[in-house]
Amino acid sequence: SRARPRLNLFARHLASRPVFELNTPFSIERSTSSDDDAEISSDQSRSILQQKISDKKPKVPKDPVKDIVTELSKPIAASEKKTIAKMSFQEPHPALLIPGPIEIDDDVARTMGFHSESHVGMPFVNVFGDTLAQLRKLFQTTDPASQPFVISGSGTLGWDQIASNLTEPGDKVLVLHTGYFADSFADCFAAYGVEATQLKAPIGESPSPDEIEKALKENKYKAVTITHVDTSTGVLSNPKVISDLVHRVSPETLVIVDGVCSVGSEEIRFDDWGLDAVMTASQKGLGTPAGLSVLMVSGRAIETFKSRKSPPNSYFASWKNWLPIMQNYENKKPSYFATPSPQLVRALNTSLTKILAVPLEKRFADHQAASDKVKKAVTALGLKQLASKRENQANGMTAIYLPEGMSPPDVLPHLLKNGVIFAGGLHKEIATKYIRFGHMGVSVTDTSRNDIDKALEALKGGLVAAGYKVPE
């Protein structure tokens, strides 16, 4: 009997419901399972275990390249062929076609295996400096007053950087709402004592220029935030049109772009569009594993930061700590505030080098062409998108309404069996009614992978397997 209270305490920790309500509908995706999924997981687990056992045996390969070729030429079991696509030298895996993280190419994957090194040693400092310079080209800024930041963290850290450095308690910001991530950005501002007013549009649409102009005339806002592509809805906003409007109606207001799901797949002209900050992350259009928060900040925003009345109310996100570090790294000078990830920075450098080896206009055109192909196929299947107008549809992802009566768990397992991973819905109001298809990065630019065609075929097959009758 004395043990029972302790067991109750354990049970409380293991309870399925959290103490606080989760601010995410991801439980829908977590519940997506089937016997086939369990079989795949079991096979993969056995493979990993066998690999670990074999790794314990000492082996000194005479020719590493030959060993890799030999390993890759081994026949794959029929069950594996059915569920897992072979991706060059990378571990065989289903094609990851969600709106991030995305597939990475072989050169980026190899870079992640770079040996451990000093973050203040010149080999790494030179790479970091080059990476910051490459970001200027990607964002299309030549203004020496603008400043790139690369800090260990997710895209969410970008919100903290903006809220803690460019706003102060009591300030007002206007958050243009096109989905789930505007809600979260507003929550972040609130955490720093900033009053965030959301200008909402119906699901699948963006606030109109007239609505934005009216809001700007009614209140004085420190900043306006734009979610360039909202990952929950696939809605594409137009930063140029909005920025022109803000500069005309409220020129002192900063223009902030959440580009987490757009940078690398949608055109951004930082200088030409008069933007003050664009935040993104490494795992989407930049084609790098997750783990880096990336920002480009204007000279005007830096001056806004420097003229604060109070110090930033964050420590890790404070530009007081990071600005001199970034400036030093870009000038190839060793510097330190908090330890970066050398492997991730090197991987980002590799990805940016490959991205910039091709004219950006071609990259964006390729993403638009792939997007047109996906959206045409979705329409042919008799399905609708959350974003109904083409000008509001992202080029790096597509959010697709499922047939009436279907939910993500009815379809996603069938796609997985055919070697493709899509994401379930994320918008709180309709999360059970749609799925999301990410098409960006190497899945678009390397057509030899055949990711897009394979995904469309898997989508059609998955719908049929779930009981949908495809239009003839």
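A few points about this structure:
- Heavy-atom accessible area ranking, 1.4 Å probe, most first, across Glu429, Glu472: Glu472, Glu429
- Charge dipole of region 106-356 (Cα centre as origin; +1 on each Lys and Arg Cβ, -1 on each Asp and Glu Cβ, all else neutral): 640 debye, rounded to the nearest 20.
- Size descriptor for region 326-466, Kirkwood hydrodynamic radius: 17.3 Å (Cα pairs only, one decimal).
- Annotation: for a label point projected 7 angstrom from Cα along Cα→Cβ of Phe89, residues of region 105-134 with backbone N closer than 16 Å are 105-115.
- Extension gain, Lys460 to Ser208: 0.36 nm times the residue separation minus the Cα-Cα distance gives 87.2 nm.
- In region 242-362, the inverse of the mean reciprocal separation of distinct Cα atoms equals 16.2 Å; this is its Kirkwood hydrodynamic radius.
- Gain upon complete extension [Arg308, Ser152; 0.36 nm per residue less C-alpha separation]: 53.7 nm
- For the pair region 245-296 / region 429-460, the C-alpha centres are spaced 24 Å from each other.
- Trp319, Trp273, reordered so the largest accessible area comes first (probe 1.4 Å): Trp273, Trp319
- Computed from the C-beta positions of Lys384 and Ala191 and an R0 of 22 Å, the FRET efficiency is 0.05 to the nearest 0.05.
- In this simple spin-label approximation, Arg269 and Gln368 carry label points 7 Å from Cα along the Cα→Cβ vector, and these lie 1.2 nm apart.
- Overall form of region 178-273 per C-alpha gyration tensor (a/c, 1.5; a/b vs b/c): rounded
- Averaged over residues, the count of other Cβ atoms within 10 Å places the peptides 235-242, 359-366, 370-377, 420-427 in the sequence 420-427, 235-242, 370-377, 359-366, highest first.
The values are calculated or read from the model by the stated rules, or taken from the named source; none is laboratory data. As the structure is a computational prediction, the values presented were derived from the model and not from experiment. Glycine also receives a Cβ, built like all others from the backbone with ideal geometry; neighbour counts cover every protein chain displayed. Accessible surface areas use protein heavy atoms only, side chains included; no ligands, DNA or RNA. Shrake-Rupley method; radii C 1.70, N 1.55, O 1.52, S 1.80 Å.
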